[in-house]
Amino acid sequence: MSVIYNTATRTSRMDAVVTKIDAGVGVSTYEIGTTGFGTVLAVLNLANPCGTVTNGVLTFDCTPSLEDNSADATGTAAAARIKDGDGNIIVSGLTVGTAGANLNLTSTAIVATEPVLVDSFSITEGNA
């Protein structure tokens, strides 16, 4: 049987994730890669604070827009991770798609030097 956390606990846990993402000397980043991160396709800079937490869901600040003006490589986006300003991986195993994923893109086909624009981006605190 799985453990179920109440909303206040899930929200508190996600608030701690925001604190970790926003930590570090440099800019926190969101990396998009191929399966297993064989290739990093794009790196997007996050705002600080990176987003807001409501009811256990962290929704990232995508205003004015969360984008990489020039993708680093060509490939199919299949994975994503978040690093703090020191380059430490804070969140990994994020899904990428065109709908219903942690990170939703217009297309998962990324082409080097072309822009990559995020449609929506959120993480839900699940039950352990």
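The values are calculated or read from the model by the stated rules, or taken from the named source; none is laboratory data. All figures in this text were calculated on a predicted structure; none of them were measured in a lab. Neighbour counts run over all protein chains shown; Cβ positions are idealised from the backbone, glycine included.
Quick look at the numbers
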{"item": "In region 83-113, residue farthest from T34 (Cα to Cα) [restricted to those that are crowded, with 17+ Cβ neighbours inside 10 Å and in contact with a Lys or Arg (Cβ under 7 Å, 6 or more places away or on another chain)]", "result": "D84"}
{"item": "Any hit, region 67-77, residues being closer than 25 Å to Y5 by Cα, in a strand (DSSP E or B) and not acidic (D, E)", "result": "no"}
{"item": "Strands (runs of 3 or more DSSP E) lying entirely in region 89-128 (those with 1 or more residues that are over 25 Å from V3 (Cβ atoms), free of Cβ contacts under 8 Å to residues at least 60 places away in the same chain and out of contact with any Pro (no Cβ under 6 Å at 6 or more places or on another chain))", "result": "103-105, 116-124"}
{"item": "Positions within region 1-36 being of a type in the set (A, V, I, L, M, F, W, C) and within 14 Å of the chain's Cα centre (by Cα), in sequence order", "result": "M14, V17, V18, I21, V27, I32"}
{"item": "Residue within region 11-33 that is of a type in the set (G, A, S), surrounded by fewer than 16 Cβ atoms within 10 Å (Cβ to Cβ) and free of Cβ contacts under 8 Å to residues at least 24 places away in the same chain present", "result": "yes"}
{"item": "Matching residues in region 47-82 - criterion: being more than 15 Å from the chain's Cα centre (by Cα), at pLDDT below 90 and crowded, with 18+ Cβ neighbours inside 10 Å", "result": "G56, A71"}
